[in-house]
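Some notes on the structure that comes next.
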């Protein structure tokens, strides 16, 4: 079920909100269980055949978590490590089979020139996110951070529908206490309205900005990549850069707003990354919960972070980003994209050490410009279907012919108009991403608290009516032109 559809906005969401708050009047525990069941319905709407997989993963990890916690409390490190290892094998094995089996077996077969027929396994939607969420939970059990084990709370923690499909990756300590807070179960019209504003802004970004600029991406990356002028290649690369930005920003804000309607605060997962002055800053603002997971659980806990010397630190950093790239998909383009960002981070740390804290307006500007350029070049690898296509587009960006070929290009035979239209879209999306405040700045904690006080009574009702009308119009546009999935659904 997609957030930008009629069935979600006008059927599933109202029923989920109504059931949650009505049941909360009688039992907080039953309302949590209801929201858990609603989340399972949300997931099953895509393909009910994968519901047993999700439930089996939840049951197994709940069992592993309890065992790890029990043995940790008894100071039985051997048994605790045994169950943690077993649980990691289970989770990573499940993820490897569904996401990487064809990729790795095909690679091995190619090395030995052996015929291989792919299994054609369908990737269960959201498996990367609910797997990493549960791995974080298990590791927290091992270090005695877990204090509460209600099965319905754990089930909701994993399946909570605003985050289930494309994040954020959740942590037990951030979510479990909220499920039992009385104020989270008390209906608030002003809170519903503020959550709706988050959702509306995200819906606009998805339907108008992300889907609007996306029409310039496919013709470059999927059709005409072999014969491009530098201008066309840069238009395609930048169009994808802003499509992905507004698509992921839209999902993150819609998820945040939906959860806010239920009185539950999700962690911020996207914070104006294209304003970053360095790659280090970029990864603190792009997919924040994934970056945090990779840093805390892979780079520091598993690989040792920067505690084992200069060269080991940079090796760990590079390996972390390579695996982060592989997490996004079973393709060498993702691995190279991750490795490229690993190299970026190493260079960034070296420059930071050389500058030794010196600051200057020119240094800041050049840091932003080089960071954005580096990110755009890496996105070409991220988007291209294979390495050959990525190299052809990158070659065109820097050494392409300025003579148009004979094929159809961005929007068909009218090449000049297409370029002009693309440049206009790029100017609009760039201006918003570089200069406009993001939604969390517009509706930050202090601001939204004051806003909730004002959005009451008749005025609040009028604003809610306006929000509903605009939501209907945006969903109508989405349904009319064809509902598109969020890009991170594929990861």
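Rule-based calculations on the coordinates, nothing more; no lab input. None of these values were measured; they are calculated from a predicted model. For neighbour counting, all protein chains shown are included, and Cβ atoms are generated from backbone atoms with ideal geometry for every residue, glycine included.
Can you put 254, 366 in order of Cβ neighbours within 10 angstrom, beginning with the fewest?
Ascending Cβ contact count within 10 Å gives the list 366, 254.
Return the FRET efficiency for the residue pair residue 481, residue 310: r is the Cβ-Cβ distance, R0 is 60 Å, and the value is rounded to the nearest 0.05.
Details: r = 53 Å, r/R0 = 0.88.
According to the calculation, E is roughly 0.70.
Starting with the fewest neighbours, write out 463, 32 ranked by other beta-carbon atoms found within 10 Å of each beta-carbon.
On the way: 463 17, 32 23.
Fewest-to-most ranking of 463, 32: 463, 32.
Label separation (residue 424 vs residue 75): 7.3 nm, computed from points 7 Å beyond Cα along the C-beta direction.
At 222 nm, what helix-only mean residue ellipticity would the chain give, in deg cm²/dmol to the nearest 500, using -39500 (n - 2.57) for each DSSP H run of four or more? It would help to have the intermediate numbers written out before the result.
Values: 21 runs with 329 residues, N = 491.
That comes out to -22000 deg cm²/dmol.
With a Förster radius of 25 Å, plug the Cβ-Cβ distance of residue 86 and residue 173 into 1/(1 + (r/R0)^6) and report the FRET value to the nearest 0.05. Computed FRET efficiency for residue 86 and residue 173: 0.60.
Taking packing as the residue-averaged number of other Cβ atoms within 10 angstrom, the listed peptides 167-178, 14-25 run from highest to lowest as 167-178, 14-25.
Contour minus end-to-end for residue 462 and residue 373, with contour as 0.36 nm per residue of separation and end-to-end as the Cα-Cα distance?
Details: separation 89, 0.36 × 89 = 32.04 nm, distance 4.40 nm.
Difference between extended and current length: 27.6 nm.
State whether the range 228-295 is rounded, prolate or oblate according to the following rule on the C-alpha gyration tensor (a ≥ b ≥ c being the square roots of its eigenvalues): a/c under 1.5 gives rounded; otherwise a/b larger than b/c gives prolate, and the remaining case gives oblate. Oblate, because a/c is 1.5 or more while a/b does not exceed b/c.
Using 1/(1 + (r/R0)^6) with R0 = 41 angstrom and r between the beta carbons of residue 350 and residue 28, what's the FRET efficiency to the nearest 0.05?
Plugging the Cβ-Cβ distance into 1/(1 + (r/R0)^6) gives 0.20.
Of interest is the spacing of the C-alpha centroids, which for the range 323-374 and the range 110-182 amounts to 28 Å.
Cα centroids of the range 58-94 and the range 446-471: 46 Å apart. Shown for 185, 349: other C-beta atoms within 10 Å of each C-beta, ranked fewest to most, produce the order 349, 185. Classified by the C-alpha gyration tensor, the range 117-188 has an oblate form. Its axis ratio a/c, with a ≥ b ≥ c, is 1.5 or above, and a/b does not exceed b/c.
Taking square-rooted eigenvalues a ≥ b ≥ c of the alpha carbon gyration tensor, is the range 190-490 rounded, prolate or oblate, where a/c under 1.5 means rounded and, failing that, a/b exceeding b/c means prolate?
Numbers: a/c = 1.90, a/b = 1.14, b/c = 1.67.
Verdict is oblate for the range 190-490.
Inter-part distance, the range 268-312 to the range 1-41, computed on C-alpha centroids, equals 34 Å.
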